[in-house]
1. Report the relative contact order of chain A, percent, no decimals, based on alpha-carbon pairs under 8 angstrom and at least 6 residues apart.
2. Under a GNM of chain A (C-alpha, springs under 10 Å), which listed residue has the highest mean-square fluctuation: A:Gly125, A:Gly37, A:Gly147?
3. Compute a Gaussian network model of chain A, connecting alpha carbons closer than 10 Å, and tell me which residue from A:Ile15, A:Ile38, A:Ile69 fluctuates the most.
4. What do the square roots of 5 times the Cα gyration tensor eigenvalues come to for chain A, in whole Å, largest first, as semi-axes of the equivalent ellipsoid?
5. To the nearest 10 degrees, how steeply does helix A:151-166 sit against the main Cα axis of chain A, on a 0 to 90 scale?
6. Which Cβ of chain B lies nearest the axis of the rotation superposing B onto A, and at what whole-Å distance?
7. Please build a GNM for chain B, connecting alpha carbons under 10 Å apart, and tell me which residue among B:Arg47, B:Arg194, B:Arg25 fluctuates the most.
8. In cubic angstrom, how much convex hull volume per residue do the alpha carbon atoms of region A:27-103 span?
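The values are calculated or read from the model by the stated rules, or taken from the named source; none is laboratory data. Predicted model, so just to flag it, every value in this text is computed and none were measured. In this analysis, Cβ positions are derived from the backbone assuming ideal geometry, glycine residues included, and neighbour counts consider all displayed protein chains. Surface areas here come from the heavy atoms of the whole protein model, side chains and all, with no ligands, DNA or RNA. Shrake-Rupley method; radii C 1.70, N 1.55, O 1.52, S 1.80 Å.
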Protein chains: 2
Amino acid sequence: MCQLLGMNCNVPTDICFSFEGFHVRGGLTDHHRDGWGIAFFEGPGCRVFLDSKATIESPVAELVRRYPIRSKNVIAHIRKATQGVIALENCHPFQRELWGRYWIFAHNGNLEGFEPPVDGFLPVGQTDSERAFCLIMSQLRDRFPQGHPGNEALFRALGEISCAVAAHGLFNFLLSNGEVLFAHCSNNLHYLVRKAPFGPAHLIDQDLSMDFSQVAQADDQVAVIASFPLTDNEPWTAMPPGQLLMFREGEPVAALQCRRR
Amino acid sequence: MCQLLGMNCNVPTDICFSFEGFHVRGGLTDHHRDGWGIAFFEGPGCRVFLDSKATIESPVAELVRRYPIRSKNVIAHIRKATQGVIALENCHPFQRELWGRYWIFAHNGNLEGFEPPVDGFLPVGQTDSERAFCLIMSQLRDRFPQGHPGNEALFRALGEISCAVAAHGLFNFLLSNGEVLFAHCSNNLHYLVRKAPFGPAHLIDQDLSMDFSQVAQADDQVAVIASFPLTDNEPWTAMPPGQLLMFREGEPVAALQCRRR
């Protein structure tokens, strides 16, 4: 199993504080050492930093810790290999282009015997995760051949696709097109919205605190999504199994629930 | 106009020496300050580092200088904006997936009034360069719907597409799928093959030398491709206008020439 971290904001924000707690799960406070990655949207552009080393030993992670990149949508992943060798091509997040936008995807879980027919979007590596991402991209393209259908229609379609894929196993994922961020929970996914009145936050994985009332502006709104809570003094919400959320401008704006099987 | 740098090798090699000379062209020895990027293939995987800062001020360039990533195919680009704003989405190299492989592209030149119809591969930014890359990807996919046709057929198809695009202006480009590297010259592109017997190399842009006889193995073979020679004591070959080369395992293995118009 892997560790997911996502951030969706109403103003470009750096993820340094959350990443400080998250990155030590890649080999120190947790045993996920099989590579990692983080993607930052900056407007329509996107940059993805990947490394097949453990985050705690990665020079690229060191760069991300020291270089505060401001972004409205971030997705990060620390890998514990289940399917696919330990290699760069199997590090999340994965990136594809659809409708003239970049899409970024990271997955925690395991999809057993999941070999869907894919057309147009093909996996480069060997993971179930990249296969699932390619299936999502193919199905969205096929359902909306005219281009991006708007967020509501996109969300409904993604809900149907997610529920179908989740029938194959554990499918916690984060997906973003740079405007909205989607989070689907099979078993472990938690989120938090930071907004005024801001207060102090204290990390679980390191003894480090940040008083957001000193750094945030009154209108700032930031949603942080993670496999497990990153702080021990803030009100994290556990997503129920089968839930898909759409985050926009720093808060959840829509929810769907897969039917129980 | 921009600066291109490519490397194609028979064993994974770091590009640190060449990058040492190249990166100072991003704001110091040359005036290209509008962003930069570098892509490293590692097996089928690929990582792309992008920054909209000048290379000489970029923390990401500092990482690339200090972290010797070994790769058989590298493409780097320093941008001097002609079309498109200074922003991450317009930084080269660009990446897409086709036939289950990543493809990396960077362009130097300017294509006037180049607005081809594209289908399936759409640009995210506003550059002529990304439009040309999307056209190449679309046309390759359409010509070979069954998948990768083999390097020879791929090379012939790319020759036809390149000549057609080059009719719109200056079209120096580097393109790689992680196995082979293609270089097309409109006006400025030079290459060099380093192989035994190895000797010393001295950079043009910095007073820095490297004696490759001390670091290279007998069978190593490395092709370096750049807009302008990077060293002043090695036999660089100027590509003639209209030439497309295919590099494989550290040497040019095939050449095509556009007909003069």
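1. Worked out over chain A, it gives 22 percent.
2. Comparing A:Gly125, A:Gly37, A:Gly147 in the GNM, the peak value goes to A:Gly147.
3. A:Ile69
4. Values: eigenvalues 142, 90, 59 Å².
In descending order, the three semi-axes are 27, 21, 17 Å.
5. Helix A:151-166 and the main axis of chain A meet at about 70 degrees.
6. Of all Cβ atoms in B, the one closest to the rotation axis yields B:Leu63, 2.
7. B:Arg47
8. Values: hull volume 7.2 nm³, N = 77.
With only Cα atoms used, region A:27-103 gives 94 Å³ per residue.
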